[in-house]
1. State all residues of region 27-57 that are under 14 Å from the mean Cα position of the chain (by Cα), assigned to a loop (DSSP other than H, G, I, E, B), in contact (Cβ under 8 Å) with a residue 24 or more places away in the chain and over 15 Å from Y94 (Cβ atoms); if no residue qualifies, say none.
2. Restricting attention to region 61-72, does a residue exist that is touching a Phe, Trp or Tyr at 6+ places or on another chain (Cβ under 8 Å) and within 12 Å of Y32 (Cα to Cα)?
3. Filter region 79-101 down to residues that are more than 11 Å from the chain's Cα centre (by Cα) and under 19 Å from L4 (Cβ atoms) and give me whichever is most open to solvent (accessible area, probe 1.4 Å).
4. Do any strands (runs of 3 or more DSSP E) lying entirely in region 70-122 carry at least 2 residues that are of a type in the set (A, V, I, L, M), and which ones are they?
5. Residues of region 76-122 being modelled with pLDDT under 95, in contact with a Pro (Cβ under 6 Å, 6 or more places away or on another chain) and either within 19 Å of N31 (Cα to Cα) or of a type in the set (A, V, I, L, M) (or both), which ones?
6. Pairs, please: C-beta under 6 Å, at least 6 apart or cross-chain, first residue open to solvent by less than 60 Å² (accessible area, probe 1.4 Å) and in region 3-26, second among the acidic types (D, E)?
7. Go through the residues of region 63-72 one by one and say whether even a single one is open to solvent by less than 40 Å² (accessible area, probe 1.4 Å), touching an Asp or Glu at 6+ places or on another chain (Cβ under 9 Å) and touching a residue at least 40 places away in the same chain (Cβ under 8 Å).
8. Please find, within region 27-44, the residue that is farthest from S85 (Cα to Cα) out of those that are touching a strand residue (DSSP E or B) at 6+ places or on another chain (Cβ under 6 Å) and buried (at least 17 other Cβ atoms within 10 Å of the Cβ).
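The values are calculated or read from the model by the stated rules, or taken from the named source; none is laboratory data. What you are looking at is a predicted structure, and each value in this text was computed from that prediction instead of being measured. Counting neighbours? That spans all protein chains shown, and the Cβs are built from the backbone with ideal geometry, glycine included. Ligands, DNA and RNA are stripped out before the accessible areas are found, and what is left, the full protein with its side chains, is counted by its heavy atoms. Shrake-Rupley method; radii C 1.70, N 1.55, O 1.52, S 1.80 Å.
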Amino acid sequence: QVQLVESGGGLVQAGGSLRLSCAASGRPFSNYVMGWFRQAPGKEREFVATISRSGGSTYYADSAKGRFTISRDNAKNTVYLQMNSLKPEDTAVYYCAASSSSIYYLEGFGSWGQGTQVTVSS
């Protein structure tokens with residue numbers, strides 16, 4: 001399995017920006033579709049964005065479209081989530097995940113990081 005470690009979370013004011021990173025190790029990074037998910041207190045984990053192995057295709061939740069950008073650097077074994085125009089409702093623990101399937105098959109994500117907290121104040 002691939003090991004994933006997220007970083008870049010923190011406290012930001014509404015309207016601000018954060019960039020999350022997820023470093024992968026253990027298996028060839030380019031073999032995996034990568035994704036970002038989040039879980040707010042008292043809520044189920046939800047999909048945010050996914051990216052194909054080459055980075056050429058992406059898929060976003062409606063809540064992320066136009067504000068968040070997922071990208072990857074296969075040479076650095078890292079996937080990123082650039083988050084702009086943050087809102088208090090974006091407050092959650094953000095998880096990086098890896099899949100051997102499609103960017104659209106969200107149930108295929110079987111390797112998870114430990115998460116990084118993002119808090120957006122109003």
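1. Correct list: Y32, S52.
2. Yes, region 61-72 has at least one match.
3. Of all residues in region 79-101, those more than 11 Å from the chain's Cα centre (by Cα) come to 84-92, 99-101.
Next, only the ones that are under 19 Å from L4 (Cβ atoms) stay: 92, 99-101.
Working: A92: 2, S99: 2, S100: 89, S101: 45 Å².
Result: S100.
4. 78-83, 92-99, 116-121
5. If the condition is that a residue be modelled with pLDDT under 95, in contact with a Pro (Cβ under 6 Å, 6 or more places away or on another chain) and either within 19 Å of N31 (Cα to Cα) or of a type in the set (A, V, I, L, M) (or both), then no residue fits.
6. Close Cβ pairs (under 6 Å, with a partner that is among the acidic types (D, E)) amount to C22/E6.
7. No, every residue in region 63-72 fails to be open to solvent by less than 40 Å² (accessible area, probe 1.4 Å), touching an Asp or Glu at 6+ places or on another chain (Cβ under 9 Å) and touching a residue at least 40 places away in the same chain (Cβ under 8 Å).
8. Filtering region 27-44 down to residues touching a strand residue (DSSP E or B) at 6+ places or on another chain (Cβ under 6 Å) leaves 32-40.
Now narrow it down to the ones that are buried (at least 17 other Cβ atoms within 10 Å of the Cβ): 32-38.
On the way: Y32: 29, V33: 26, M34: 23, G35: 20, W36: 17, F37: 18, R38: 17 Å.
Only one residue fits best here, namely Y32.
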